[in-house]
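Novice: What follows is a structure written as structure tokens; I'll ask about it next.
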Amino acid sequence: MRTLIKHILAATEPNDSVVVKAWVRTRRDSKGFSFLELNDGSCLANLQCVVDAATPGYEHILQFTTGASAIVTGKLVPSPAQGQKWELHATKLELIGIADATYPLQKKGHTPEFMRSIAHLRPRSNLYGAIFRLRSKLAFAVHEFFQSRDFVYVHTPIITASDCEGAGEMFRVTTLKGKPDDKPEHDFFGKKTYLTVSGQLEGEIFACALSNIYTFGPTFRAENSNTARHAAEFWMIEPEMAFCDLAGDMDLAELFIKSLAKYALEHCPEDMAFFGKFVDKGLNERLKFVLERPFVRVPYADAVDILLKSGKKFEYPVAPGQNLQSEHERFLTEEHFKSPTTVFNYPRAIKPFYMRVNDDGQTVTAMDVLVPGIGEVIGGAQREERPDILAAQMAFHQLTPADYSWYADLRKYGTVPHAGFGLGFERLLMFLSGVSNIRDVIPFARTPGSAEF
Ligand code: 4AD
Ligand code: MG
């Protein structure tokens, strides 16, 4: 394995023989020597190389243009320049791959829209390098959070026959060719199948055996909402806990978000500082605030009251009994409470069948965590564990009981109160980086009308 710039820059003493393999960010020529800024994506910082005209390989210096790949051998010495501890005095220069004048990342300051059109090159920029390093670190932090608490990681299926959320937003998976006499029983699996919208139902099976579990994988939704917060393919983390109620669920959700925020600040300090400087000036302040205070918890009915009495003009009027719109969610968390806010006990009619019915018969133990800048980042619930009420819920939501017999069995054999939630990984990344469009925190976004790369 080669030594990465991140480690070269962390050196504690000079080193006479360092080999860097990286891409050229910039080159400046002076009389008798050149400066090369090299970056290999291992960290935000470039390694500055000073190349004397007498260095072997210097005869090709004009080809060391922005975007070219190179191997530079040299001596690591303290840098007299401001803001960098080390620089490399080259002893040998090798050009690996040229990048001609058509290389699109010549200049800084491209729009996010343009960068999406070159998603094959954008990870080579400062911003996208930082975002995807953060994404990687946080994926690891998710596992660390749950593994250190003895949650078992379960791989739930990507192809499924059941619609967990009941919202009818599933992508069909089929090998049928669209002939007039096609029937589901002739299809590959002998019935209609889809890409999963959630691993929750299968997650519940495992929680009702292994106690505390989590899933972490891709989920798919064919909702035609072309917003900055919706993707057709996104990653979700879904913990599920046996012998747990709604309060325990809200506690875990809050602890989880705080732990990930803390992890990002501790393990990606340079990239987080970069976001704070160039993406969202209020970021660090906001994250500190999130870490230090308990989240606000408010029942849905009270939240609706607050919205109705706010005197604020919303594009969509607040309708008691209906779903909160994203503008309502953002008003609650950004303007009213000025804090991450957990709204719970939603009307039964607007939430999926699996949520536990409260004693009032009208509401269910649903909870959504709303955060400033994003709105909903987590949706969860205590699950209905009583067989008769689950049956009534399925009838209420017009589901076919035969399709969910295995789900009902969990209530028939040793049923337990249990609860869990789903956190949208991209939405969390947006919250922690200040990046305002979901298309910019996922390597290759899938959104209505767009599946490039
Ligand atoms: O609220 P949702 O639909 O909840 C569920 O799927 C439950 N089965 C989770 C559970 O209880 N185990 O989705 C959970 C989260 C949302 O809060 C949001 O952060 C994210 O998933 N999400 C999306 N993220 C990006 N694009 C979309 N189209 C999303 N839809 C949901
Ligand atoms: Mg939701």
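The values are calculated or read from the model by the stated rules, or taken from the named source; none is laboratory data. Model, not experiment: these values are computed from the prediction. Because the Cβ atoms are built from the backbone with ideal geometry, glycine has one as well, and the counts that use them run over all protein chains shown.
Novice: Which pairs have Cβ atoms under 7 Å, sit 6 or more apart or on different chains, and link a residue in segment 197-216 that is assigned to a helix (DSSP H, G or I) to one that is modelled with pLDDT of 95 or more and among the aromatic types (Phe, Trp, Tyr)?
Specialist: Once the first residue is assigned to a helix (DSSP H, G or I) and sits in segment 197-216, its partners that are modelled with pLDDT of 95 or more and among the aromatic types (Phe, Trp, Tyr) give Leu201/Tyr407.
Novice: If Ala130 satisfies all but one of (1) under 18 Å from the mean Cα position of the chain (by Cα); (2) surrounded by fewer than 16 Cβ atoms within 10 Å (Cβ to Cβ); (3) in contact (Cβ under 8 Å) with a residue 40 or more places away in the chain, what's the number of the condition it fails?
Specialist: Result: Ala130 passes all but (2).
Novice: Give me the pairs: first residue in segment 269-289 and assigned to a helix (DSSP H, G or I), second residue charged (D, E, K, R), beta-carbon distance under 7 Å, and six or more apart or on different chains, which are they?
Specialist: As it stands, the answer is Asp271/Arg133, since those pairs meet every condition given.
Novice: Consider segment 383-416. How many of its residues are polar (S, T, N, Q) and surrounded by 15 or more Cβ atoms within 10 Å (Cβ to Cβ)?
Specialist: In the first step, residues of segment 383-416 are kept if they are polar (S, T, N, Q); the result is 393, 398, 400, 405, 415.
Cutting the leftovers down to surrounded by 15 or more Cβ atoms within 10 Å (Cβ to Cβ) gives us 393, 415.
Looking only at that region, the number is 2.
Novice: Do we have Thr156 as touching a residue at least 40 places away in the same chain (Cβ under 8 Å), away from ligand 2 (no atom under 16 Å from the Cβ) and among the hydroxyl-bearing types (Ser, Thr, Tyr) here? Full working, then the answer.
Specialist: Values: touching a residue at least 40 places away in the same chain (Cβ under 8 Å): yes; away from ligand 2 (no atom under 16 Å from the Cβ): yes; among the hydroxyl-bearing types (Ser, Thr, Tyr): yes.
Judged against the criteria, Thr156 is a match.
Novice: Can Ile257 be described as assigned to a strand (DSSP E or B), surrounded by 20 or more Cβ atoms within 10 Å (Cβ to Cβ), modelled with pLDDT of 95 or more and at negative phi? So that I can check it myself, show each step before the final result.
Specialist: On the way: assigned to a strand (DSSP E or B): no; surrounded by 20 or more Cβ atoms within 10 Å (Cβ to Cβ): yes; modelled with pLDDT of 95 or more: yes; at negative phi: yes.
Considered against the rule, which asks whether it is assigned to a strand (DSSP E or B), surrounded by 20 or more Cβ atoms within 10 Å (Cβ to Cβ), modelled with pLDDT of 95 or more and at negative phi, Ile257 comes out as no.
Novice: From Tyr316, Tyr354, grab the single residue that is on the phi < 0 side of the Ramachandran plot, within 16 Å of ligand 1 (Cβ to nearest atom) and among the aromatic types (Phe, Trp, Tyr). Can you show your working first?
Specialist: On the way: Tyr316 fails: within 16 Å of ligand 1 (Cβ to nearest atom).
After ruling out the rest, the residue left standing is Tyr354.
Novice: Kindly list the number of the only condition in (1) at pLDDT 95 or above; (2) surrounded by fewer than 17 Cβ atoms within 10 Å (Cβ to Cβ); (3) not polar (S, T, N, Q) that fails for Phe289.
Specialist: (1)
Novice: Do you know which of the residues in segment 26-78 that are in a strand (DSSP E or B) and hydroxyl-bearing (Ser, Thr, Tyr) is surrounded by the most Cβ atoms within 10 Å (Cβ to Cβ)?
Specialist: Within segment 26-78, the first condition is being in a strand (DSSP E or B), and the residues that meet it are 26-30, 33-39, 47-52, 69-78.
Keeping just the survivors that are hydroxyl-bearing (Ser, Thr, Tyr) gives 26, 30, 34, 69, 73.
On the way: Thr26: 15, Ser30: 9, Ser34: 20, Ser69: 17, Thr73: 18.
So, considering only residues that are in a strand (DSSP E or B) and hydroxyl-bearing (Ser, Thr, Tyr), the one surrounded by the most Cβ atoms within 10 Å (Cβ to Cβ) is Ser34.
Novice: Looking at this structure, is Ala231 farther than 28 Å from Pro294 by Cβ, within 15 Å of the chain's Cα centre (by Cα) and buried (at least 19 other Cβ atoms within 10 Å of the Cβ)? Quick ask: steps written out before the conclusion?
Specialist: Details: farther than 28 Å from Pro294 by Cβ: yes; within 15 Å of the chain's Cα centre (by Cα): yes; buried (at least 19 other Cβ atoms within 10 Å of the Cβ): yes.
Taking the combined requirement at face value, the residue satisfies it.
Novice: Scan segment 1-25 for residues that are hydroxyl-bearing (Ser, Thr, Tyr) and either loosely packed, with under 14 Cβ neighbours inside 10 Å or in a helix (DSSP H, G or I) (or both) and jot them down.
Specialist: Going through segment 1-25, the residues hydroxyl-bearing (Ser, Thr, Tyr) turn out to be 3, 12, 17.
Thr12, Ser17, listed by residue number.
Novice: Just checking, which of Ala90, Ala119 is aliphatic (A, V, I, L, M), in contact (Cβ under 8 Å) with a residue 40 or more places away in the chain and under 27 Å from Pro443 (Cβ atoms)? Before the answer, list the steps.
Specialist: Numbers: Ala90 fails: under 27 Å from Pro443 (Cβ atoms).
Exactly one residue qualifies, and that residue is Ala119.
Novice: While we're on this one: Which one is surrounded by the fewest Cβ atoms within 10 Å (Cβ to Cβ), of the residues in segment 417-447 that are of a type in the set (D, E, K, R), within 11 Å of ligand 1 (Cβ to nearest atom) and under 12 Å from the mean Cα position of the chain (by Cα)?
Specialist: Of segment 417-447, the ones of a type in the set (D, E, K, R) are 426-427, 439-440, 446.
Right, trim to within 11 Å of ligand 1 (Cβ to nearest atom) and you get 426-427, 439, 446.
Then keep just the ones that are under 12 Å from the mean Cα position of the chain (by Cα); that gives 426-427, 439.
Values: Glu426: 25, Arg427: 23, Arg439: 19.
It comes out as Arg439.
Novice: Which residues, taken from segment 233-255, are among the hydrophobic types (A, V, I, L, M, F, W, C) and more than 16 Å from ligand 2 (Cβ to nearest atom)?
Specialist: If we filter segment 233-255 for residues that are among the hydrophobic types (A, V, I, L, M, F, W, C), which is where we start, we get 234-237, 241-244, 246-247, 250, 252-253, 255.
Passing the criteria: Met241, Ala242, Phe243, Cys244, Ala247, Leu252, Leu255.
Novice: Something else about it: May I ask you to list pairs of residues, at least six apart or on different chains, whose Cβ atoms are under 8 Å apart, with the first in segment 394-422 being farther than 24 Å from Ile237 by Cα and the second being within 16 Å of ligand 2 (Cβ to nearest atom) and of a type in the set (Lys, Arg)?
Specialist: Phe396/Arg348
Novice: Continuing with this model, one more query. Restrict the check to segment 360-369 and report whether at least one residue is away from ligand 2 (no atom under 14 Å from the Cβ), in contact with a helix residue (DSSP H, G or I) (Cβ under 8 Å, 6 or more places away or on another chain), at pLDDT 95 or above and on the phi > 0 side of the Ramachandran plot.
Specialist: Yes, segment 360-369 has at least one match.
Novice: Check segment 167-185 and report whether any residue there is touching a residue at least 24 places away in the same chain (Cβ under 8 Å), out of contact with any Cys (no Cβ under 7 Å at 6 or more places or on another chain), within 16 Å of ligand 1 (Cβ to nearest atom) and in a strand (DSSP E or B). Walk me through how you get there before you give the answer.
Specialist: Step one: of segment 167-185, the residues touching a residue at least 24 places away in the same chain (Cβ under 8 Å) are 167, 169-171.
Narrowing the set further to residues that are out of contact with any Cys (no Cβ under 7 Å at 6 or more places or on another chain) leaves 167, 169-171.
Add one more test, that the residue is within 16 Å of ligand 1 (Cβ to nearest atom), and what stays is 167, 169-171.
The next check asks that each one be in a strand (DSSP E or B); those that pass are none.
Looking for residues that are touching a residue at least 24 places away in the same chain (Cβ under 8 Å), out of contact with any Cys (no Cβ under 7 Å at 6 or more places or on another chain), within 16 Å of ligand 1 (Cβ to nearest atom) and in a strand (DSSP E or B), one finds none in segment 167-185, hence no.
Novice: Does any residue in segment 365-382 that is free of Cβ contacts under 8 Å to residues at least 12 places away in the same chain come within less than 8 Å, Cβ to Cβ, of a residue that is of a type in the set (Gly, Ala, Ser) and part of a strand (DSSP E or B) six or more places away or on a different chain, and which pairs are these?
Specialist: Close Cβ pairs satisfying both conditions: none exist.
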